[in-house]
Structures are given as C-alpha cells and as structure tokens.
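The values are calculated or read from the model by the stated rules, or taken from the named source; none is laboratory data. These numbers were taken from a predicted model, which means no experiment stands behind them. Note that each Cβ is placed from the backbone with ideal geometry, even for glycine, and that neighbours are counted across all protein chains shown. Please note that ligands, DNA and RNA were not included when accessible areas were found on the heavy atoms of the full protein model with its side chains. Shrake-Rupley method; radii C 1.70, N 1.55, O 1.52, S 1.80 Å.
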Amino acid sequence: MEFTLLIVLFLAGTCLSLPSQVSPNFGARRQRSYSEDIEENQTAMDRIIDVNDYQGVFSVDGTNLREGDIAVSGRSQKNCFARSCLWTKSVDGNVYIAYSLSHAYDDADVKNIKEGMELIEQDTCVRFVPRTHQRDYLDIQPKTGCWSYLGARGGRQTISLQSPDCTGSGVTVHELMHALGFVHEQSRADRDKYVTIMWSNIWKDRLRNFEKFKTNNLDTPYDYSSVMHFGKYAFSEDGEPTIVPKRNWNVKIGQRLGPSDLDIMKINKLYSCNMQ
C-alpha cells in the first residue's frame, strides 16, 4: 500500500499504521538468551527489538508497531501536525507530565524507571510528576514488550515497560522520548547524508522500519550517539550490519546510557525550554 507521510512536528512522527507481513518464526530468529545480561555494545533499541521480537509483540490497539516500538492509536488515525502532539507547558516554564506507575513493579523496577525520568529532567524543563487529578497522564504498565505512543494523545496514555526487560533507565528514556514526540534518529529526512541503510541485510518483513520521514530537525546535527538511534545490526537477517555510518565505518551508533547531549538539546528546542 502506497502512501505519503508528512511529518512536521519537530523530530516527531505520524500516527498512521504501517501494515507488515510477519513471518511465523520471526520470534525465534535471534539466538540471544533474554535472561542474559545486556551485551556491552547493545543499544536501548537493540534491547527493545530483542524483547519485542522474543515476546512476539508486533501490534497494539489492533495496528502494527511502527519501527519496532511506536504504538499507533486504533481510535485515532490523525497525523501529529505542528505542536498538536506536545505536552502542555506551564506558566512557570516547565512541562509537567503526570504519570502513574503500576503496583506490579518491584522496588528495583521503580528505581530504574525513575532514574530514566531523572536523566531527562536534569537539563531540560520537563518534569515527571506522580498523577493526582490530571486528565492527561502516562500510565506506565508492565505489559508485554517495550513500546510507547508518539507525542501527547490526551487522557490516559499507556507506556509498556515489561519487567524487568524494559525497565532499565536507557530503555525507559527511549520510550519516554517517544511520548515526548520524538521518532528514531535514523528516520530523519537527511539521514542518507550520514548513514547507509544496508537493505539487503534486513529481514524483508522489517524493511518499513527503516523508512525516513520529512522532518524538521531543530537545526541540530545528526546524532550517532542518540539514545533514539537504531543499533548497527538492528533487524539484521544475517548478522551483517543494517546501518553503516558514512565517512567512518567504526563510529558507534546508538547507546543505552540515557539521552545524549543532542537529545537534551532537541527536547529543550522542541519545548522551548529556557535553560540557564
């Protein structure tokens, strides 16, 4: 099915579903044990792909996950245009995002999730606050897999952080940034200047996870170290790289430590934070 995507929310994406054909053995493709520790170079997105693949998580609300972890609303097929998908900024200059945490999380999960929140809060005007009466809020649940909706949708908005696979601070930051309105870094319109997508190495039923979108990049450079960047071997069919940096093949792409300096800059630009 052909379609045209126009995305003008700064580094944010659209909420239209992308149908895909899922091979029956897709969940068995990767040989990694999911009880093992995260590998040294595994990015947040690598972890997310592993968990969602292993659990067979391909759709939410009856529509397919985009790019591996972006949920699409079954009730709303509208695009996220301009600033319509941003969380509301308070008169004091901060963006307060209410959240609730499932009681099913243990102390370690709660600690890790809150650490992810704090990594975003440190140098931005975003503040995550426990929900009291707010109508619009993030409902963080240990559902199956790791996924989030894109931007502010209004009302209760679910983020799935399966315990314990998705509750690490890096994965938490990744999914929270989707909720803030950011798509993956290699989806930006100018990505072909910086990386080469090795189409022949990608599982054929996952090619649409590598589409690029027409984005306003907030006048920021391409960020190989963004927590929102796919890893070099994302959705690899044969163990060969699917994303290769141009100019320097050895540049590390993606990570799981938290938002990069440019990730922080983008949040501040998107939400017009006045950080001293």
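Of the solvent-accessible surface of the range 42-271, computed with a 1.4 Å probe and all protein chains present, 50% belongs to carbon and sulfur.
Please work out the ratio of the alpha-carbon Rg of the range 135-276 to 2.2 N^0.38 Å and round it to two decimals. If you can, show how the numbers build up before the last one.
On the way: Rg = 15.7 Å, N = 142, 2.2 N^0.38 = 14.5 Å.
Dividing the Cα Rg of the range 135-276 by 2.2 N^0.38 Å gives 1.09.
Beta bridges from DSSP with both residues in the range 42-271: antiparallel share about 40 percent, rounded to the nearest 5.
Scanning residues 5 or more positions from L65 or on other chains, those with amide H under 5 Å from its amide H are S59, V60, with H placed 1.01 Å from N in the peptide plane.
In this simple spin-label approximation, K89 and S200 carry label points 7 Å from Cα along the Cα→Cβ vector, and these lie 4.8 nm apart. Relative protection proxy for 126-133, 207-214, from highest mean packing down: 207-214, 126-133 (other beta-carbon atoms within 10 angstrom). Extents of the range 144-191, largest first, come to 36, 26, 16 Å (Cα atoms, principal axes, whole angstrom).
Amide H contacts for I97 (H built 1.01 Å from N in the peptide plane; partners 5 or more residues away or on another chain; cut-off under 5 Å): R127, F128, V129. The stretch between K269 and Q134, if pulled fully straight at 0.36 nm per residue, gains 46.1 nm over its current Cα-Cα span.
Ordered from longest to shortest, the equivalent ellipsoid semi-axes for the range 42-271 are 27, 20, 17 Å, each the square root of 5 times a Cα gyration tensor eigenvalue.
Using 0.36 nm per residue, how much length does the chain from D107 to K246 gain when fully extended, once their Cα-Cα distance is taken away?
On the way: separation 139, 0.36 × 139 = 50.04 nm, distance 4.27 nm.
Value of the extension gain: 45.8 nm.
Shown in residue order for the range 217-226 are the 3J(HN,Hα) couplings computed by the Karplus curve 6.51 cos²θ - 1.76 cosθ + 1.60 at θ = phi - 60°: 8, 6, 6, 10, x, 4, 10, 4, 8, 4 Hz (x for Gly and Pro). Taking packing as the residue-averaged number of other Cβ atoms within 10 angstrom, the listed peptides 99-105, 140-146, 234-240, 42-48 run from highest to lowest as 42-48, 140-146, 234-240, 99-105. Solvent exposure of the range 42-271 amounts to 40 Å² per residue of accessible area, where only protein heavy atoms count and the probe is 1.4 Å.
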